[in-house]
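The values are calculated or read from the model by the stated rules, or taken from the named source; none is laboratory data. As the structure is a prediction and not an experimental result, all values here were calculated from the model. Heads up, the Cβs are rebuilt from the backbone with ideal geometry, glycines too, and the neighbour counts pull from every protein chain shown. Remember, those area values only see protein heavy atoms, side chains included, never the ligands or the DNA or RNA. Shrake-Rupley method; radii C 1.70, N 1.55, O 1.52, S 1.80 Å.
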Amino acid sequence: MNSKFNFDYVGHKKTFFIISIVLVAVSILSTFVFGANLDIQFKGGTILTYIYDGTIDQSQFERDATDALGGMGVTSTVGEDFSTGRNNIQLSLISNSGLTSDKQFELTNTLTAKYSENNIELIESSDVSPSSGKEFFLKCMVAVILSFIVLIIYIAIRFKNIGGWIAGVCGILALLHDCIIVYGTFIVCRMSINANFMAVVLTILGYSINNTIVIYDRIRENEILYRKSKSKTDIVNMSINQSLTRSINTSITTIAAMLAVTIVAAIYGVTSIISFSLPMMIGMIAGAYSSVCFTCPLWLTLEGRINGKGKSVSKKKAAKA
């Protein structure tokens, strides 16, 4: 299979490694600069949902609610109540003990009086326990760790002819690279770490490892075809270039869809969707980059150090025989 691309990825591996290290370092350090904004799911508190008519300035509504509660931190999301067809706004109030019924009554009366023309009505109030959020987070982490283990085993078995376990470890390092960059996106953009974060991470894991396995598969095929005529470096570069069109097309279609969703959500002020679609775009770009520029050059470097530089796996097996 010929390719119109002919770029030396292995020759530029140091540049790619430096870029990845910088991105990961910035993502981690951003926590200390901006601080992680944990959602109510992880801190606990109260969620109040109001329906209203007409239009309301969301930021002003937040400020009015904050003043009514004596400075308690309030965040909000807007949307539409499908059962009534009216607009709704959801207030999240982070508090270890929740919001008392008296405070809720006082807040609702204040907002009702201030926005009398909008016919504000409280339709739902619920307390959120921080333990439930922590349990959800731990379950997601267990799922991620188990998926890493299964992926290493799967890649080690499927690609054993090209040093499968090394390929598996490099694939997992690339996934960690992508997850950390997604995390940094949430931190830098001041988005809350919530269920959307876990959804984006789990989705990116699937996309990124899929691209990586496609390239690994191409390396395995080319190793069989060209093991006597080409060096392993040439085989890796050729395999990446042959898979590049497929990787670009897959990534661009998803990124374009997420971009359209982000633009529409921004126009209508649906912040809950933006906190999913924007990090998803960044994660898709990071995943495409790591699969093409990071994983395989790293695999070749580690494989060369462990099994010997400049020789194909097949040649070494033949020499041993």
Could you give every pair whose Cβ atoms fall below 6 Å, whose first residue belongs to the range 281-296 and is modelled with pLDDT of 90 or more, and whose second residue is of a type in the set (V, I, T) and open to solvent by 10 Å² or more (accessible area, probe 1.4 Å), counting only separations of at least 6 or pairs across chains?
-> M281/I255; I282/T185; M284/T254; M284/I255; A286/I181
Filter pass, I255 being within 18 Å of the chain's Cα centre (by Cα) and either under 30 Å from F61 (Cβ atoms) or free of Cβ contacts under 8 Å to residues at least 12 places away in the same chain (or both) = no
Taking the range 55-72 as the region of interest, how many residues are open to solvent by 50 Å² or more (accessible area, probe 1.4 Å) and in contact with a helix residue (DSSP H, G or I) (Cβ under 7 Å, 6 or more places away or on another chain)?
-> 1
Which listed residue is modelled with pLDDT of 80 or more, of a type in the set (V, I, T), part of a loop (DSSP other than H, G, I, E, B) and closer than 17 Å to E117 by Cβ, from I56, I89, I51 | I56
If you take the residues in the range 141-182 that are open to solvent by 20 Å² or more (accessible area, probe 1.4 Å) and charged (D, E, K, R), which one is nearest to I204 (Cα to Cα)?
-> R158
Which residues, taken from the range 24-48, are touching a Gly at 6+ places or on another chain (Cβ under 6 Å) and either at pLDDT 85 or above or in a helix (DSSP H, G or I) (or both)?
-> S27, S30, Q41, F42
Quick check: is even one residue across the range 5-14 hydrophobic (A, V, I, L, M, F, W, C), in contact with a Leu (Cβ under 7 Å, 6 or more places away or on another chain), farther than 30 Å from I285 by Cα and not in a helix (DSSP H, G or I)?
-> no
